[in-house]
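Student: Before we start, here is the structure in question, set down as structure tokens.
Nothing in this text is a laboratory measurement; each read-out follows from the coordinates by a stated rule. What you are looking at is a predicted structure, and each value in this text was computed from that prediction instead of being measured. Don't worry about glycine lacking a Cβ; one is built from the backbone with ideal geometry, like all the others, and counts go over all protein chains shown.
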Amino acid sequence: MSDARGRDGGPAFAGRAREELRRRSEFAGARVVRGLGEPALFAITLSAVVAGLYVTVGVVAEDALGLTPLVFLVAGLFLVATLLTYIEGSSLHPERGGASSIARYAFNELWSFVAGWAILLDYMIVMAISAIAITHYVAGIWGGANDAGAQVAIVAVCFAFVIGQNIRGLTAERLGTVLRLSLLNIVVLAALTVLALAQHFDAGALTDSVELGSIPTWEDAFFAVGVATVAAIGIEAASGLAGEVRVGRRGLRRFAVAGAGVTLLLLVVVSLAAIMALPVVDGQTALAGPYLEAPMLGMASSLDPGWLADAARWTVAVGAAVLLLVAMNGQMLGLARLGYSLATNRQIPSLGGRLHRTRGTPFVVIVIAGLIGFGLALTGDVVFLAGVFAFGAMVTFALAHLSVVVLRFREADRPSAFRMPLSVRLGRGTVPLPAAAGFVLAVAVWASVVLLHDGGRIVGTVWMVLGVTLYVAHRKSQGRSLTQRFTVPAAALQERVEAEYGSILVPVFGVHLDDDIVGTAGRLAAERADETEGGAVLEALYVFEIPMSLPIDARVPDERVREAKRVLARAKAVGEEYEGVEVATAMVRGRTAGQAIVAEARRRGVEAIVLAAEEPTRVRGGVIMGGRGRARDRFVGETTRYVVEKSPCKVILTAPPAGEEGTREGVRP
């Protein structure tokens with residue numbers, strides 16, 4: 001522990017330190033700890049790209065036929081332009097909301113709402129399409145899934161799981177799981193693609209089946225481009241993390257390059273292999289027939305010999321079902337964050353953003369979206385749903401591209417961590433060519449949907465009219481302008497510290513080990529107090545783990561705040577039983593407890609952290625602190641292990657093994 005006299009030479013400073021710590025011990029605020037980086041952005045984007053291939057190749061092939069690889073190439077280029085647009089827009093204004101937030105600064109609240117409302121529908125449609133696809137992939141290995149009752153049951157289970165998980169709260173660690181599953185499925189797709197190309201490569205299968213303008217028609221090809229952009233919804237979801245990511249200029253460039261490269265490669269090569277494995281014959285392909293909802297099963301079934309096809313089919317079916325379920329979780333995550341943003345900006349009734357009493361998640365919008373998505377999935381018509389998706393997606397993406405172009409002029413001098421390449425100067429600003437091209441293509445595809453797709457035109461128009469009517473009525477009922485921004489004041493907890501003092505940091509969790517942790521720290525602090533004239537200080541810390549469905553600065557439910565106050569009050573009472581020891585208390589927000597503890601230790605300059613190593617159990621890694629078994633985890637859970645590995649100072653672990661008292665001291669390697 002640090003000696004308070006050592007920083008300013010005397011006990012007077014220690015007295016001022018204690019006064020400052022008393023002041024900031026009030027239960028008035030919780031600091032925000034930000035720590036998401038490139039992996040989080042890449043995980044969400046990549047999972048959407050891979051999941052998009054599992055569900056869209058068949059629908060695209062139905063319209064594009066032999067031009068399917070070319071359509072995916074155009075869609076891939078559009079996705080790259082959209083990725084660049086979202087990165088630049090979010091860099092200019094790092095605020096949650098995706099295209100809705102970008103449009104807010106380029107235009108006004110009305111256009112911001114239009115962008116957000118349109119993409120809300122698309123989130124639900126992508127979840128519905130994914131659920132339908134899951135039933136067909138499962139049917140590839142279990143024939144019973146073809147029964148109508150079984151399909152409804154599978155879809156219901158999928159949505160119940162997604163709703164439950166998002167109300168419970170997705171944590172940042174699960175993004176690592178998403179990324180690993182996406183990478184695993186890329187390996188599966190890569191192997192399947194190589195095998196399909198090796199056995200079925202035939203360039204003539206493409207050129208011989210195409211008669212430009214008639215097979216397929218230009219109208220069908222344009223519509224197919226819109227369907228192929230399903231993967232772009234992952235970009236919107238990743239953009240919703242703006243404001244809490246910690247990615248510098250180089251990191252953004254790496255993300256842009258990696259995201260663009262992987263997206264283009266996957267879309268083009270996988271679609272090329274699919275159309276060669278199941279070629280177009282007489283204007284038809286099996287991709288758009290029996291394998292419409294599960295095109296990768298068609299690729300797997302085309303392999304020789306039979307045992308290889310069976311193995312590939314099982315692997316693809318299991319991988320696709322798992323990844324699509326994870327992707328549904330990702331879509332609901334993005335939807336929940338967007339819905340919360342619309343509610344806090346008074347663009348929809350505040351009820352939509354109401355938080356769960358104990359979980360702190362926007363459960364109202366999650367439940368409503370899940371029920372609507374379930375209803376859409378019951379149609380079982382992925383072609384119809386794809387048309388509606390294209391309507392909403394093109395509205396949102398067109399506004400996003402146009403907004404960035406406008407901001408290049410309106411905020412020409414505003415610093416930004418990222419500017420997309422290929423810009424031309426025009427007057428006092430510049431025109432980013434990728435954004436301009438993306439806007440033109442989005443408008444063209446939207447026009448093709450309106451003119452040629454009855455389902456997309458009718459449902460999309462009704463949805464947008466309903467939303468704008470709701471927005472106008474809501475604003476007028478409150479006597480507010482349709483174009484100005486008004487926010488719901490969030491009772492966000494915020495701790496501000498003007499000075500840093502050395503001390504012992506004591507995280508508490510509201511578990512039975514808390515008293516042991518504080519007691520150990522109190523004894524150590526009391527020893528230090530005997531050596532100083534100013535006494536000793538413990539800093540008790542309570543971490544609010546904010547689920548990924550909410551922005552990091554979202555309001556913490558009152559019940560959780562009361563629990564934090566109770567736990568910290570107990571820690572203060574136990575710690576101050578030791579002579580000469582004062583306990584300062586604080587609350588902090590973070591995605592994970594371990595990351596928040598380490599960040600606070602660095603910020604406060606503490607010399608030690610006292611933390612629990614829970615009782616050994618038969619579950620490797622421990623169960624109290626959320627352990628996940630690793631070969632080297634013997635007496636700590638995930639939070640404790642993270643702190644021991646990452647802490648900038650000494651970590652003292654208190655672990656009373658089954659009926660015995662004792663402490664272990666560990667220092668980060």
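Student: When Trp307, Trp446 are ordered from fewest to most other Cβ atoms inside 10 Å of their Cβ, what list results?
Tutor: Working: Trp307 9, Trp446 22.
By the 10 Å Cβ count, ascending: Trp307, Trp446.
Student: Quick check: pseudo-label points 7 Å beyond the Cα along Cα→Cβ at Val157 and Ala190, how many nm apart are they?
Tutor: Output for this residue pair reads 3.1 nm.
Student: Sorted from fewest to most neighbouring beta carbons within 10 Å, what does the list Leu181, Leu426 look like? Before the final figure, lay out the partial values.
Tutor: On the way: Leu181 21, Leu426 11.
Lowest to highest Cβ neighbour count: Leu426, Leu181.
Student: According to the Cα gyration tensor, what semi-axes, each the square root of 5 times an eigenvalue, does the equivalent ellipsoid of region 38-477 have, listed from largest to smallest in whole Å?
Tutor: Details: eigenvalues 215, 128, 86 Å².
One finds semi-axes of 33, 25, 21 Å for region 38-477.
Student: I need the calculated FRET efficiency for the pair Leu426 and Thr483, taking r as the beta carbon distance and R₀ as 41 Å, to the nearest 0.05. Write down the numbers at each step before the final one.
Tutor: Working: r = 26 Å, r/R0 = 0.64.
Here the calculated transfer efficiency is 0.95.
Student: Report, in debye and to the nearest 20, how large the dipole of region 348-476 comes out about its Cα centre when Lys and Arg carry +1 and Asp and Glu carry -1 on their Cβ. Numbers along the way, then the final one.
Tutor: Details: 12 positive and 4 negative charges, 127 e Å.
Approximately 620 debye in magnitude.
Student: If Lys and Arg each add +1 and Asp and Glu each add -1, what is the summed charge of the other residues whose beta carbon sits under 11 Å from the beta carbon of His356? Let's see the in-between values first.
Tutor: Values: positive: Arg168, Arg354, Arg357, Arg359, Arg560; negative: Glu559.
Net local charge, His356 excluded: +4.
Student: Any idea what the dipole of region 38-477 comes to, in debye rounded to 20, about its Cα centre with Lys/Arg Cβ at +1 and Asp/Glu Cβ at -1? Display every interim value, and only then the final one.
Tutor: Values: 25 positive and 24 negative charges, 488 e Å.
The calculation lands at about 2340 debye.
Student: Could you calculate the contour length gain from Asp381 to Ala309, that is, 0.36 nm times the residue separation minus the distance between their Cα atoms, to one decimal place in nm? Write out the running numbers ahead of the final one.
Tutor: Values: separation 72, 0.36 × 72 = 25.92 nm, distance 2.74 nm.
Result for the pair: 23.2 nm of gain on full extension.
Student: How long is the gain from Ala437 to Arg354 if the chain were fully straight, where each residue apart is worth 0.36 nm and the alpha carbon distance is subtracted? Working shown, then result.
Tutor: Working: separation 83, 0.36 × 83 = 29.88 nm, distance 3.90 nm.
Difference between extended and current length: 26.0 nm.
Student: Taking the Cα centre of region 38-477 as the origin and placing charges on Cβ (Lys, Arg +1; Asp, Glu -1), which of Trp314, Pro290, Val449 is farthest toward the positive end of the dipole?
Tutor: Val449
Student: While we're on this one: At a 10 Å Cβ-Cβ cut-off, how would you order Lys565, Lys572, fewest neighbours first?
Tutor: Values: Lys565 14, Lys572 18.
Going from sparsest to densest Cβ surroundings: Lys565, Lys572.
Student: Please give every one of the lysines within straight-line cross-link reach of Lys646, meaning a C-alpha to C-alpha distance under 21 Å, and leave out same-chain neighbours fewer than 8 residues apart.
Tutor: Within the straight-line cut-off, Lys646 pairs with nothing.
Student: Turning to a different aspect of this structure: Run the quick spin-label model on Asp202 and Asn108: label points 7 Å from Cα toward the beta carbon, then report their separation in nm to one decimal.
Tutor: Going from the Asp202 label point to the Asn108 one covers 6.0 nm.
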